[in-house]
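Please treat every number below as a calculation from the coordinates, not as lab data. These numbers were taken from a predicted model, which means no experiment stands behind them. Ideal geometry is used to build each Cβ from the backbone, glycine not excepted, and the neighbour counts take in all protein chains shown.
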Amino acid sequence: MRVFIRSLFSAFVLCIAAGLPAAAQDAEKEIGYVSQKAYFGAKGHRVSGSVEDLKYRTELWSNETVRTGGQGVTTLRFLDKTKLQVSNNSEVVLDRFVYDDDTDTGEMAMAFTKGAFRFITGHMENLDGFKLRTPTVAIGIRGTDFKVRVAADGTTTVSVLEGQVEVTPLGGGSGANIGEGQSAIGTATGVTTAQGDAVGSGMNMESNKY
């Protein structure tokens, strides 16, 4: 089952790459910065091979992988003011972010690999431009504030604090639309829903200042 899930996730990453011009795939493009003032050990792994300490105001780049350790929480802010809190023992790949501040439109591709996160949309108005994934599900958003936790086996839990989220299994099957105060638990083959915050608050996220 894990091999199947990893194959789906690898296919997603390849699809993103296939849709980009070669120059865009190879280049690192600045897409935001670290907005958390305190530093707790978060690292940015760039396609060039360099590893950066993600301290306050450090730039973020396309195709960068952000990793945190046991105490390594951080907060990221993107060009359209979308905010992402990254909890401890987590990993997220910042595949792509393109934004036109004249029209407030763009595209973001991001892969939550493991751990826990809080995602708050910014000024980008074409919400279908957000391409968010975990190893098992796709996450569609409708102007929102939500939390997500990705377990070691890829099982994904999403809890909505504001707005709406659509959770769709990558392996086929029915997805689910959830709103404020609801949660969805997804695998590669199905999604179930629940009332309340199934992600929980035990991740030092609410106290993490933007």
Out of Thr75, Thr105, Thr82, which single residue is surrounded by fewer than 21 Cβ atoms within 10 Å (Cβ to Cβ), under 18 Å from Thr144 (Cβ atoms), β-branched (Val, Ile, Thr) and more than 9 Å from the chain's Cα centre (by Cα)? Thr105
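Do we have any residue at all in the range 50-67 that's farther than 20 Å from Gly140 by Cβ and small (Gly, Ala, Ser)?
Taking the range 50-67 as the starting set, the residues that turn out to be farther than 20 Å from Gly140 by Cβ are 50-67.
Now narrow it down to the ones that are small (Gly, Ala, Ser): 50, 62.
Yes.
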Within the range 153-162, can one find any residue that is over 16 Å from the mean Cα position of the chain (by Cα), in contact (Cβ under 8 Å) with a residue 12 or more places away in the chain, closer than 21 Å to Arg67 by Cα and surrounded by fewer than 22 Cβ atoms within 10 Å (Cβ to Cβ)? yes
